[in-house]
Every structure is written in C-alpha cells, then in structure tokens.
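The values are calculated or read from the model by the stated rules, or taken from the named source; none is laboratory data. Computed from a prediction, not measured in an experiment: that's the story for all the values here. Every residue, glycine as well, gets a Cβ built from its backbone with ideal geometry; the counts of neighbours run over all protein chains shown. Accessible surface is based on the protein model in full, side chains and every heavy atom, while ligands, DNA and RNA are left aside. Shrake-Rupley method; radii C 1.70, N 1.55, O 1.52, S 1.80 Å.
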Number of protein chains: 2
Amino acid sequence: MNDLGQAAVSAEKAPRTERGRRTVRKLLEAAAQEFGERGFHEAAITGITARAGVALGTFYTYFGSKEELFRALVRDMSDAVRAHVAEAVAGAPDRLAAERIGLAAFISFVRRHPELYRIIEEAQFVAEDVYREHYLTFVDGYGRNLAAARERGEISDGPDELRAWALIGMSVFLGMRYGIWKPDHTPEQVADMAIDLVSEGLRKR
Amino acid sequence: MNDLGQAAVSAEKAPRTERGRRTVRKLLEAAAQEFGERGFHEAAITGITARAGVALGTFYTYFGSKEELFRALVRDMSDAVRAHVAEAVAGAPDRLAAERIGLAAFISFVRRHPELYRIIEEAQFVAEDVYREHYLTFVDGYGRNLAAARERGEISDGPDELRAWALIGMSVFLGMRYGIWKPDHTPEQVADMAIDLVSEGLRKR
DNA sequence: ATGAAAGTTGAGTCAATGTTCATGTTGATT
DNA sequence: AATCAACATGAACATTGACTCAACTTTCAT
C-alpha cells in the first residue's frame, strides 16, 4: 500500500503534531475515495471532509485548494504504481521475463486500485504538468531498463524511448480493458499473451 | 475533414431550415474549439455561443444541455478518426503494411486535430459510455482485420482482441507523445519504428 | 496550573455558469 | 400585404460549491 500523507502537504501548512498528521492522513485517504468514485469535478470538499470525519475548515488548515490536494494525490499514486511494479520486477532473470512480470503486476495493481488508476488518468485534464511528469518519469526508467538489456544482448536493437512509450501505452490500455472494464482473464494470462506479441512479433515465421 | 452537424442534434430540436442548419454547424465548430482548448468543465456555453457569433438562448434551441452537445461531438469525432484511418489503410498490400500506414495516418490526424483527440480522451470522465463505445467499436474492427490477416496467413497466430487492445493502446500513447507533446519525428518515422517492434518483436535472433 | 501554539469548527460569503423564458425578428407561403 | 412557424435574443433566475474567518477546543512545554 502507498503511504499517503507525508510529502503531500506544502511547507507552511504542514502539520506539527501527531494529531495533525493523523488528520492529514484521514483527509488524503478520504480524498482518494471521493476523487476515485466521483472524479475531480464532481468531488466536493464537503464530501471529502465528511468521509474523513472533520469539519470543512480543517481542510484549509492543510491544503490551499482542491487542486493542490489533487496534485499531491497524483504524485503519491504515481510513486505507488512505479514502486509496486519495480518491486515485482526486481530479481527477474532477464528483460523478457521482467516485461511479463511487470505487466502482470501492473494489471493486478489496477484491479486492486481502480481509483488510483482513474485519478492518474484524469490528471491529464486537471493538472497536465503532473500527468506529464508521471509518464516522463515512467518512460525514463523504462527506457533505461531497455537500454541496459539491449547492451547486455538480451533484446534486439531498437529505439529505447519509443519502445518505452509503446509498451507503456499498451499496458495502460490492457489495464483499462482487463483490469477494470472486464476482468475476464487473470493478470498472468493477459501478461503472457501480450508479452508473446511483444517478444515474438506479428510476422509469421 | 469530419462534417459536423448532421446526426448530432436530437429529433425534436433538429433545424428545419437552411438558416437553422448553418447555425447548428457554427455551434458545433465553436464547441469543438472551446472544448478542445479549455476542456469540458472549463468550457462555458457563453464561450461557445460567443465563438459561434450567436446569442446564448440560441444554443438551447438546438441542444438540451452542455453534456448532450459533448456526446454528439464525441460521436462525430469517433467516426472521423476511424474514417480517416480506414481510408488511409484501404488498398494496403498486406496487414503489416496496413499497420504501418494506419499508425502514420493516426498520428498525423492527431497532429492536425489535437482538439479532437483531447475531446475523445476526456470523454472517459464526462461520458464514459460514449468513450467505451468508441474503443469497443475501434477494437471490434481492428480485431476483425487481424483475424482475417491471420486466416490469410499474413501474420502469426494469436488472440485477436487482446492484440487489438495492445496495438490501439500503443497508438494512443505514441499519438500523445509524438503527435502532441513533442512532435520531433514524422508520423512515418514513428510508424516505422513502432511497427518494427510489433512485427519483429523484442527477442534477439 | 497556565499561556500560547496548534488544531478544529461550520455558518456565511461570493463568484461562476447552466438553464429558462418572454419578447423580438426573419422569411417563406398565400 | 398578411400570416405564422421557425429562429434569435439576452436579462434574469437558480443552484452549486469553493473558500474565508472569527470563535472555540486541545495539547504541551514551562
């Protein structure tokens, strides 16, 4: 699980006591729920504070605005997704195995946390800079892994960055279809089929 | 170009004269601009009518609500994208060539119409049913093409639907990165690189 | 114990904007 | 020229919800 509620709050508003930190954590968890269920614009601050069990004014003790909170959440979730995948992939014998494991981990994360997934994607229309940051960071790491594997001779030659974008796009859509819309296969089944496509290619041999 | 302004309006509100049809067309074009630049929630009806050069009340002569207009637009654009790609692909010698041509056509469409692209993606959070309809339709057609090519022996065996989702996801993200965010390669270059990945695979040979 | 800092409260303010509607205009038909 | 349905107008209405603030409570160092 990701630990909401540490780097999230801006300096002047950061809580100074244990009670304050508890409240911030409650607010962030409530916000993840509210934003996940209703989307950014439908979500109401009163909805968040009601879920958290605090008064409206308390929200503004710790956050400057609805959007500031949203940005903080997206950053936390971005970290959480990448950490989850990175942990799953650590120790994979080679890159093709890592691809399969990583994709399965991603889909199972999406399935367990559809809210987080929706929040990150909605950021494209609410806080585009944070959204770009998320994928640029993701692509950067992914591209390095591909480059390293390429240099070790584990995969064929090819453009690392473009491959990273292509593979991430694939994952995001497979996550939407097989993670959220209609989970009619296990994450492992989906990953096996997708990685077969990516490693063997469409060309007939 | 897509022709906005025909199936878009609901029956009782459809214009009956040439003047009315002109007004509807102006409203739809203005709406595409306004939604594209400001997003659904930031977009204001007064912004749309101002761009169209008509009074606020005129909007409600032809549309029941802001969301009804948005849905009509998304359907029009969905048709426009698919038509554009289908036309480009018609007459390709084989499936792998069709993939390359289709992807290049998609990216160049996105580059010429970033608004349309943004509007369809935002539909995920404004009118999810229309969004699903868009991709389900897209995947359906794509999957059929893959199945036919597979049966003709042009590509290797594999699951058509999952492949369609994977390839579409890839295209959407490549469209975002190389079509909108940073168009530092031509659509043809991007398509060549991506289709090389998809047809040859990552495995070293 | 006590004072001050941190935290909490929620009614009230305020701006934005989607939608309505009564009135006015246009243009084709007779 | 008269008629009328279609179309256009924009001020007014109504709702919504983010944000403020002055008063109150809790915590804790001295």
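Of the cross-linked pairs A:K26/A:K182; B:K26/B:K66; A:K13/A:K66, which ones have a Cα-Cα span greater than 26 Å in the structure shown? Display every interim value, and only then the final one.
Values: A:K26/A:K182 31 Å; B:K26/B:K66 15 Å; A:K13/A:K66 14 Å.
Check vs 26 Å cut-off fails for A:K26/A:K182.
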Problem set entry | Over chain B: helical MRE at 222 nm, DSSP H runs n ≥ 4 each giving -39500 (n - 2.57), nearest 500 | -24000 deg cm²/dmol
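At a threshold of 8 angstrom on Cα-Cα distance, excluding pairs fewer than six apart, so keeping six or more, what relative contact order does the range A:119-205 reach in percent?
Details: 30 pairs, mean separation 13.9, N = 87.
In percent, rounded to a whole number, it is 16.
Accessible area, 1.4 Å probe, largest first: how do A:D79, A:D94 sort?
Values: A:D79 85, A:D94 65 Å².
Sorted by accessible area, descending: A:D79, A:D94.
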For this session: Every other copy gets compared here: list the nm distances from the A:D192 label point (7 Å along Cα to Cβ) to its counterparts, shortest first, one decimal.
Result: 3.8
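Local charge sum around A:Q189 (other residues, Cβ-Cβ under 12 Å, Lys/Arg +1, Asp/Glu -1)?
Values: positive: A:R100; negative: A:D184, A:E188, A:D192, A:D196.
Here the charged neighbours net out to -3.
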Seminar exercise, completed: Per residue, accessible area of the range B:66-205 with a 1.4 Å probe, heavy atoms of protein chains only, in Å², comes to 39
For this session: Find the centroid of the Cα atoms in the range B:59-131 and in the range A:92-134, then give the distance between the two in whole Å.
Result: 24
For this session: List the residue from chain A whose beta-carbon is nearest to the axis that rotates chain A onto chain B, together with that distance in whole Å.
Result: A:G201, 2
For this session: Tally up the carbon and sulfur contribution to the accessible surface of the range B:69-200 as a whole percent, 1.4 Å probe, everything protein left in place.
Result: 50
Problem set entry | Nm distances between copies for B:A97, ranked from closest, using label points 7 Å along Cα→Cβ | 4.2
Exercise. For the range A:69-200, what mean projected area does the convex hull of the alpha carbons give, in nm²?
Worked result: 7.6
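Using a 1.4 Å probe on protein heavy atoms only, how many Å² of accessible area do B and A hide from each other, summed over both chains and rounded to 100?
Details: alone 11450 and 11400 Å², together 18090 Å².
It comes to approximately 4800 Å² buried between B and A.
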Problem set entry | Simple Cβ-charge dipole of the protein assembly as shown, Lys/Arg +1 and Asp/Glu -1, about Cα centre, in debye nearest 20 | 500
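What does the extension gain come out to for A:E151 and A:R111, with contour length at 0.36 nm per residue minus their alpha carbon separation? Kindly include the intermediate steps, with their values, before the conclusion.
Values: separation 40, 0.36 × 40 = 14.40 nm, distance 3.40 nm.
Gain on extension, A:E151 to A:R111, equals 11.0 nm.
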For this session: Every other copy gets compared here: list the nm distances from the B:L136 label point (7 Å along Cα to Cβ) to its counterparts, shortest first, one decimal.
Result: 3.7
Exercise. What angle, in degrees between 0 and 90 and rounded to the nearest 10, separates the Cα long axis of helix A:114-126 from the longest principal axis of the Cα atoms of chain A?
Worked result: 80
Seminar exercise, completed: Once the dipole of the protein assembly as shown is set up from charges on Cβ (+1 Lys and Arg, -1 Asp and Glu), the residue from the list A:V85, B:W181, B:S199 lying farthest towards its positive end is B:W181
Exercise. Among all the lysines, which ones have a C-alpha under 19 Å from B:K204's C-alpha, if same-chain residues fewer than 8 places away are not counted?
Worked result: A:K204
Exercise. Which value, in debye to the nearest 20, gives the size of the charge dipole of the range B:41-195 about its Cα centre, when Lys and Arg are +1 and Asp and Glu are -1 at the Cβ?
Worked result: 320
Exercise. Can you give the angle from 0 to 90° between the axis of helix B:95-112 and the longest principal axis of chain B, with both taken from C-alpha atoms, to the nearest 10?
Worked result: 30
Seminar exercise, completed: Honestly the range A:21-145 on the Cα gyration tensor test (a ≥ b ≥ c root eigenvalues; a/c under 1.5 rounded, otherwise a/b vs b/c for prolate or oblate) is just prolate
